[in-house]
1. Given R₀ = 30 Å, what would the calculated FRET efficiency be for B:Lys136 paired with B:Asp192, taking r from the Cβ atoms and rounding to 0.05?
2. What quantity of accessible surface, computed with a 1.4 Å probe and excluding non-protein components, is buried in total between chains B and D, in Å² to the nearest 100?
3. Which aspartates and glutamates have a Cα less than 13 Å from the Cα of A:Lys141, not counting those fewer than 8 places away in the same chain?
4. Given the pairs C:Lys126/C:Lys147; C:Lys126/D:Lys56; B:Lys96/D:Lys56, which are separated by over 26 angstrom at their Cα positions?
5. So how much accessible area does B:Lys137 have, in Å² to the nearest 10, using a 1.4 Å probe?
6. Going Cα to Cα from D:Lys239, which lysines come in below 19 Å? Please leave out same-chain ones fewer than 8 positions away.
7. Once fully extended, how much extra length lies between A:Met364 and A:Leu346, figured as 0.36 nm per residue of separation less the alpha-carbon to alpha-carbon distance?
8. Under a point-charge model restricted to the Cβ atoms of Lys and Arg (+1) and Asp and Glu (-1), what is the dipole moment magnitude of the protein assembly as shown relative to its Cα centre, in debye to the nearest 20?
Amino acid sequence: MLALTYDVGNIWLDSLLGVLALVALMTVSALMLIWLERKISARIQMRLGPMRVGPYGLLQTAADALKLIGKEDLRPKTANRWVFELAPFAVFVPTFAALVTIPFTRDWAIAFLDLGLFYVVAVTGLAFVGFLMAGWASDNKYALLGGMRAAAQLISYEVPMVVTLVAVAMVAGSLNLSEIVLFQNRIPLFVWQPLGFFIFIVAALAELERQPFDIPTAESEVVGGPFIEYSGIRWSMFFLASYTSLLIYSLLGSIVFLGGWEWPLGTEAGLWLQILLILVKTSLFIAFFMWVRFALVRLRIDQLMSYCWKVLIPLAFLQVFLNGLVLVYGWPDGFLLLTSGAGLALAMYIIYRAVDTEPRELRMVPARGGGSSAQAATVDATGSG
Amino acid sequence: MPDEDSEKDAGASAGDQKEEETPAAAEQPEDSKVEQPPAAEQKAEEEEDARPRPPAGGIADLLAAAVAEALPGVKLEAYQGMTDVIVEVERDDILKVMSVAKDDPRLALNFLRCLSGVDQEEDGFEVIYHLMSLEKKHDVVIKTNVARDDAHVASVASVWKAANWHEREARDMFGITFDDHPHLVPLLLPEDMTDHFPLRKDNPLAEIEEWQGDELPEEGFGGSKTR
Amino acid sequence: MIGIFKSMYITFATMLRTPVTIEYPAKHRDVPQRDRAFPILLWDKEVDEPFCTGCHACERACPVECMTVTMKDNPLHADEKSTRRKIVDEFWIDYGRCMRCNICVEVCNFEAIAMNNTWAGHELSKFDRNDLVLDLQQLLSQHKQDKIDAWVAE
Amino acid sequence: MVQEHELEPETVDIGVNMGPQHPSTHGVFRMVLTIDGERVVDVEPHIGYMHRGAEKLSESMDYRAAIGFQDRTDYLAQFMNEQAYCMAVEELLELEVPERSEYIRVILCELNRVTSHLMFLGAFGIDLGYFGTSFTYGFRERERIQDIFEEVTGDRLMYAYFRPGGLAWDVPDNFVQMVRDVLPHTRQGLKDLDLLMTQNEIVAVRTKGIGAMSAEESINWGLSGPLLRAAGVDWDLRKDKPYSIYDRFDYDIPLGSHGDLFDRFLVRLEEARQSLCIVEQALDQLPDGPIMPEKMPRRLRGPEAEVYTAVEGARGEYGVYLVSKGGDKPYRLKMRSPSFCNLSALRDMTVGSYVADAVAILGSIDIVLGCVDR
């Protein structure tokens, strides 16, 4: 099923045009996302953010991109040349390829694949190879640590991600992203599957390597991890890939869980409304991801792994199991909402229990001054303190 | 400190010293009783001004008593410094005295505040230990003198781990070797800088002009002139 | 999870507050009157000569030895225009070495030296560190041209 | 059948040089981590990159001139260093500091403690993984206080304001009001940081039980300040060996119980609050009067003596050991810097933890490299 709005006639030409449009979209959106992230972080931190280049610093990232392109492409002498130079592509290409099958509106995607969901997951899962390549080939211990962390983290979180998406596909009855959206034209899936939605967000955060899961690139530990030796255009490719995957996961989330371009306007919404809807939903995801990045600290690698394997994966399977029960026995959807909601509560409870959240009381030893002139002043001073 | 005080001693007559001793003894009658080692009383009277000071000899007597019990034959020389009680210990006894100072329950000097070296020029080096007890809230300064050409002293890192880095620093700066130190390699100075001791008095400060200033090389600093 | 939500809340709440930063080189916040940038020399406008007599007090007191002063007989004194018998001949301050401790100002008997308290005293980036060695004319120029409202403690 | 040991993969410990250029070493500090996977097997701290010989330099200049170097040791708690040094000189020269100067010193020192702790709280968040958020929260309020410092002393960082005997000059007329205006902001900033981090589960898992040091070990290692108090040792020089006029104020000294990172964080947060209390009381009591003693010698000449004075700095006991042989220069000036002593225990705290923890532990010691190397 190939549906393109611009029907030139030649299938190759159509595809080429579509891909070019995608490249443009990706670049522009990445630039905008970087600007947005800097603005959001600035506001969270009560700063102004970029203000100089263009109105409100809108062109700052463009200027940065120009600078990066102009920079010297450094390669450590001891690095493994081919692996080092290919690694950015190994990260960049899968990310880009995943964008191909994402339906932006009802009629607009490069390729409407029947296995769209499967394809997106499979292709984005390949990115870790690039991180590993970069980490290993840089001949830098920080990069190696970061690459190893990236590999461990990305592979681990691929599992709960896939399992939740499987749960969605079970209910929707299709792996085609458009059909999943169509399925949600009345009520989006996050209502029925809050647990799956939660797991998806967490896993997406981990896949994106953003706080609190930015362990592979942790600034304060491994100083950028796999990217540490990269500069100029290669480094910016990693960056571009990272923001493109932010876009992909946000799109995927809004398509799979928030009802894409359908909900709540229904199937009859016009093209612009569809675009608006998907834009708003994606922006919500993006804003959330950015907000989280500046609100939370980083987990440690062992905590990250055990959280994945001990909490998220069992719960993801629980969601699949619940969906299976509903499908097999034909129980009402309300049951799904209840049980999945209970599962979400369980997840929260597990987090609550797993962490030593007991408030620590400090022992206060009074140091009392004996000064006579001090007496009058001290009473209200300590009271207000 | 001994030099400083000895100079004053030379100026003051013996009669003055006697006079000074009496008020100190009147303040603390029990001190004179406890003062067993002959060394301790020698300089205890040297408070020469009326400022309030920690009771002369309080901690010194405790230390003297404890040392006399545990380590007979070890000589201590105690006197009142400007802010602290100073006890001088022979170099070879330092580790033993320190162990007593830390472990004796009356003293419980469990906190090594500071360990510093002082270059006393012809009198060799002094190693100065500022000790404090967090429980008893008293403190004492223990000093030992090492000869210039034989700058060795036992490490107290086995008593207080805090001494570890302090001793390494003193070794860096004065070249005092701390025997049995777990890891006596340069700490603040470059790893290979083991023959040059910056804080020794015979190591004068370089004139700043010599290494920076007028003789700056014309090229090499990326200045606008070179471009 | 409560703590995580609290973190999210406080970050969101701060997002709604007004930013506290300003665009620095475009906007300058006011520096207080006692602001200490680098030392400058003051100009006696009544007599039209520097206050400084070149007495070396600041030079000797300077912890980092960033000053060089020489003294000469005051020609104006011979003409009985000035009460200063001696006057500064040459004066260099190496701003690259100065640590802005204010001690020169305190030791000066003639209130001839003050710390620059304008932004011009802070924004001194140079390509060559030799450019940071200022001579007498440069040191005097700011006060001579009334660009500065010098503050001398005590 | 394959022998079991043949299945064991061959592992190699790798040495990682963390620093001197590393974002989380808080300056030019290098630690050579030997790591087995993510576990730290050994740590070898290397310091001295910032050794400027302040002790040696001070020997060559008179008592007043050396004040500038005190700012540059612990450059986040400068007033405390100046206080310790000036106290040493005052003891030596037997100068009596006027009341007003003492009060101003206390106000400035305690505000300085707040700025230093705000800096810690912010930087600790960065070590744990905040992307600058906690840092800016801390800095926001720190800047306000530094504005006061700038109004008073003329500089934002290197104050050089205390003098043996008193202060360089009096505070501006609106000083009291200025400080009072800032206090609510500082409280708000501390509250923000509290909300941001204290109850956060991720902060909890990252800090609770990590880098713990028992009370005995802490004392043995010579730790002082918040580190010692986090281990539950009731020791604060302000209370236990009162100097200046600290015996005139009512405040609490927070003590932790576990000695881990979380306690260190909490203790510092609370200490900052208590410092604000002291500031308020001192503002209420601030007397008028001179700021320097009546008979202030123009040239400071010490007797032949030695003094050791210590203050409770933001990081612990900042001591100054001053030996004078007469004359107007110190014969020997030793600074007992808290960062130096606290850092020496790094190896004991770190070995066995994860790489990420090593960073956090180093952050929790709250070192200032200028203070470590001097």
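The values are calculated or read from the model by the stated rules, or taken from the named source; none is laboratory data. It should be emphasised that the depicted structure is a prediction, and the values quoted were computed from it without experimental measurement. FYI the Cβ positions are ideal-geometry reconstructions off the backbone, even for glycines, and counts take in every protein chain you see. Just so you know, the surface numbers come from the protein's heavy atoms only, side chains and all, with ligands and any DNA or RNA stripped out. Shrake-Rupley method; radii C 1.70, N 1.55, O 1.52, S 1.80 Å.
1. According to the calculation, E is roughly 0.10.
2. Rounded to the nearest hundred, the buried surface is 4400 Å².
3. Counting by Cα, and skipping residues close in sequence, A:Lys141 has these aspartates and glutamates nearby: A:Glu221, A:Glu229, D:Asp13, D:Asp36, D:Glu38.
4. C:Lys126/D:Lys56; B:Lys96/D:Lys56
5. The accessible area comes out at roughly 90 Å².
6. Reachable lysines: B:Lys136, B:Lys137.
7. Result: 2.8 nm gained on full extension.
8. 5340
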